[in-house]
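The values are calculated or read from the model by the stated rules, or taken from the named source; none is laboratory data. Everything numeric in this text was worked out from a predicted model, so none of it was measured. Because the Cβ atoms are built from the backbone with ideal geometry, glycine has one as well, and the counts that use them run over all protein chains shown.
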Amino acid sequence: MPAIAPTRYHLSAFDPNAHLFEVRCAIDDPASDGQRYRLPTWVPGSYLIRELARHFVEVRAENAAGAVAIAKETKDTWRAAPCAGPLTVIAKVYAFELSVRTAYLDATRGYFNGGAVFLCPVGREDAPCTLQIAQPDGPVYGEWRCATTLTPAEGVWTFRAADYDELIDHPVELSAFQLGEFHAGGLTHLIAISGRVDVDMMRVERDLARICQGQIDLFGGTPPFPRNYLFQVMVVGDGHGGLEHRSSASLLTSRKSLPLPDSADATDDYVNFLGLASHEYFHAWNVKRIKPQAFTPYDLSRESYTRQLWAFEGITSYYDDLTLVRSGVISTPKYLELLGRAITNVLRTPGRHVQSIADASFDAWIKHYRPDENSPNAGVSYYAKGALVALALDLTLRLAGRATLDDVMRALWRHHGEAGVGVPEDRILTLASELAGRDLGDFFGRYVDRTEDPPLAELLGSHGVALELRAATGANDRGGKPATTNKARMWLGAKLGTDLKLQHVFAGGPAERAGLAAGDTLVAFDGVRASPEGLNMLLERLPAGAHVPIHHFRRDELMLSNVVLVAAPLDTAWLAFDDQATDAALARRAAWLGTDAAMAATA
């Protein structure tokens, strides 16, 4: 059988000041009835129809004879007129979204996810691909380098991929980035940091090496990617996000999250960055290779529904910080603080009793990436509560004594990840039950398919950790630590922005009962001009049952609502070692957290 001629792509920074890439796609054998081209509508790992075609500002076609007619058939497909090959389609793509999901171009940096810029010739999805990236001309680009895990081919900035799916799963960074390097699992790992930042690269290399090696060891000691791994890090003034790929991760982080040279302590922002990197690296196994059956293969033309995202994102969210403590990057007290904050975040979400994490997974396409003012009341994050259910599952398995969640993940890797077999909807339940030696249907029914809170206090107690609940001490209290004051505090039942606009009004709270609504702009509390500080003082000063007149604008109309304050709920969690824990509980805690390594950390 003759070899299939490759689909040839060429990308250039056509006009960085206008944020335009030019992308050429050439094939030798266009379809006789007119070659169709399709662009993905969503990006794997980010479950939202993103309408990527909206950034295509011009599409034309040509062959050796000259221009070829091409017309748009649907929002994301084009068809060229029947013609002889080779046929080249040329697209200009607007790229100015500072995110990890699409594409960006200016005179300082170029970045793209392949699905946002590369048209796929329909019928040639399995054809090999080549990509040549043009080096920009001009002194401003003199220090630009290219960072990607695409397989290099002959030529400068030239690469190849086995098929279209592989082509779009290796994002590309073009800039004068700083480059770090470390080894884990016998393979080279690179860190390309773009943006203006002074960073202690040696510290980042050391900490990421521990994290990556810890995850490699968890899954059996062999990395799942064939050559190397790349962390692409874009530094901005304020931002946080990441997206996983088969052998790389794109990260967006704030400048303050990276350690300065010679900095002594690991700040909360730096620990947050390490948790983000840990999360995306864990995805190299869990979701890039251990995939829901619905994603095998991906259908990027429409939504792919699964009720399992709580496992692929929630379990990953559980392991991201757990890896930090197990690898000795943070201490066990710091891990307990992070876990307390995670529990607090979920407890402050009334919607956890409205929507199950299985339903939240299914509805990711219409809810998770489109939050609104009522989201905390109507739904729950499959990341946040999914992580707590993963914690509960792990501790439940450990208490039974036959298996752990580590064993479940390794079994998923053997039976599905390495085998390339999608995970059926009920497989995690059946596999966990097999390893536990008992039916876990009640656990999954109550905490995954329904909306009950898992019994974390009881489970943590069996592992030598006490879970305590208290009221918040202020608007910036994220939990994780004991209260700094014993003074009682009242609750408005709403979240106030710095612009004095109510961002969320929580179901059943005083603000909702008084008729306040999200979007209202507060003007005065009890006859005094409103301010966040003034509200905080009022909530500390007044007793339960106090009536507070609040003037506020809704749209352009001034309104008056009378709020009756109630005591702040006990929704703020903090964790501590249990001094009365049994030897068995202490042994379980050590096995769970890897105490010996973690206690040596100073962060």
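Here is the figure for region 90-140: residues that are under 12 Å from SER12 (Cβ atoms), touching a residue at least 60 places away in the same chain (Cβ under 8 Å), surrounded by fewer than 19 Cβ atoms within 10 Å (Cβ to Cβ) and not β-branched (Val, Ile, Thr) total 4.
Among the residues of region 191-205, the one identified as in contact with a Phe, Trp or Tyr (Cβ under 8 Å, 6 or more places away or on another chain) and surrounded by fewer than 19 Cβ atoms within 10 Å (Cβ to Cβ) is GLU205.
Only one of the numbered conditions (1) buried (at least 24 other Cβ atoms within 10 Å of the Cβ); (2) within 23 Å of ALA466 (Cα to Cα) is violated by ALA311, and that is (2).
Residues in region 123-158 that are within 23 Å of ILE193 (Cβ to Cβ), small (Gly, Ala, Ser) and modelled with pLDDT of 95 or more: ALA147 alone. Output the number of the condition that HIS415 fails; it satisfies all remaining conditions of (1) over 24 Å from ALA457 (Cβ atoms); (2) surrounded by fewer than 17 Cβ atoms within 10 Å (Cβ to Cβ); (3) touching a residue at least 40 places away in the same chain (Cβ under 8 Å). Only one criterion in (1) over 24 Å from ALA457 (Cβ atoms); (2) surrounded by fewer than 17 Cβ atoms within 10 Å (Cβ to Cβ); (3) touching a residue at least 40 places away in the same chain (Cβ under 8 Å) is unmet by HIS415, namely (3). The set of residues in region 529-579 that are among the acidic types (Asp, Glu) and either over 19 Å from THR473 (Cβ atoms) or surrounded by 15 or more Cβ atoms within 10 Å (Cβ to Cβ) (or both) comprises ASP556, GLU557, ASP571, ASP578, ASP579. Of the candidates ARG513, ARG446, the single residue that is at negative phi, of a type in the set (Lys, Arg) and free of Cβ contacts under 8 Å to residues at least 12 places away in the same chain is ARG446. Applying the criterion of being in a loop (DSSP other than H, G, I, E, B) and surrounded by fewer than 16 Cβ atoms within 10 Å (Cβ to Cβ) to the residues of region 18-39, the residue that is nearest to the chain's Cα centre (by Cα) is ASP28.
Could you say whether any residue in region 455-472 is at positive phi and either surrounded by 13 or more Cβ atoms within 10 Å (Cβ to Cβ) or part of a loop (DSSP other than H, G, I, E, B) (or both)? There is at least one residue in region 455-472 that is at positive phi and either surrounded by 13 or more Cβ atoms within 10 Å (Cβ to Cβ) or part of a loop (DSSP other than H, G, I, E, B) (or both). Close Cβ contacts (under 7 Å, 6 or more residues apart or on different chains) running from residues in region 170-182 that are under 18 Å from PHE159 (Cβ atoms) and modelled with pLDDT of 95 or more to residues that are of a type in the set (Lys, Arg) and assigned to a strand (DSSP E or B) comprise LEU174/ARG109; SER175/ARG109; PHE177/ARG145.
Residues of region 349-393 that are charged (D, E, K, R) and surrounded by 19 or more Cβ atoms within 10 Å (Cβ to Cβ): ARG352, ASP359, LYS367, LYS385. Applying the condition of being part of a loop (DSSP other than H, G, I, E, B) and of a type in the set (Val, Ile, Thr) to region 136-152 and asking which residue is farthest from VAL23 (Cα to Cα) yields THR149. Please verify whether CYS120 is in contact with a helix residue (DSSP H, G or I) (Cβ under 7 Å, 6 or more places away or on another chain), over 30 Å from GLY34 (Cα atoms) and modelled with pLDDT of 95 or more, treating the condition exactly as stated. Answer is no for this residue. Any chance region 125-145 includes a residue that's on the phi < 0 side of the Ramachandran plot and under 27 Å from the mean Cα position of the chain (by Cα)? Within region 125-145, one or more residues are on the phi < 0 side of the Ramachandran plot and under 27 Å from the mean Cα position of the chain (by Cα). In region 340-437, counting only helices (runs of 4 or more DSSP H) that sit wholly within it, the ones holding 1 or more residues that are more than 28 Å from ARG246 (Cα to Cα) and not acidic (Asp, Glu) span 375-378, 384-400, 427-436.
Checked against the criterion of being of a type outside the set (Val, Ile, Thr), out of contact with any strand residue (DSSP E or B) (no Cβ under 6 Å at 6 or more places or on another chain) and free of Cβ contacts under 8 Å to residues at least 24 places away in the same chain, the candidates LEU431, LEU397 yield just one match: LEU431.
Which of the residues spanning region 151-179 are crowded, with 19+ Cβ neighbours inside 10 Å and either under 27 Å from LEU218 (Cβ atoms) or charged (D, E, K, R) (or both)? ASP165, ASP169, HIS170, PRO171, GLU173 - these are the residues of region 151-179 that are crowded, with 19+ Cβ neighbours inside 10 Å and either under 27 Å from LEU218 (Cβ atoms) or charged (D, E, K, R) (or both).
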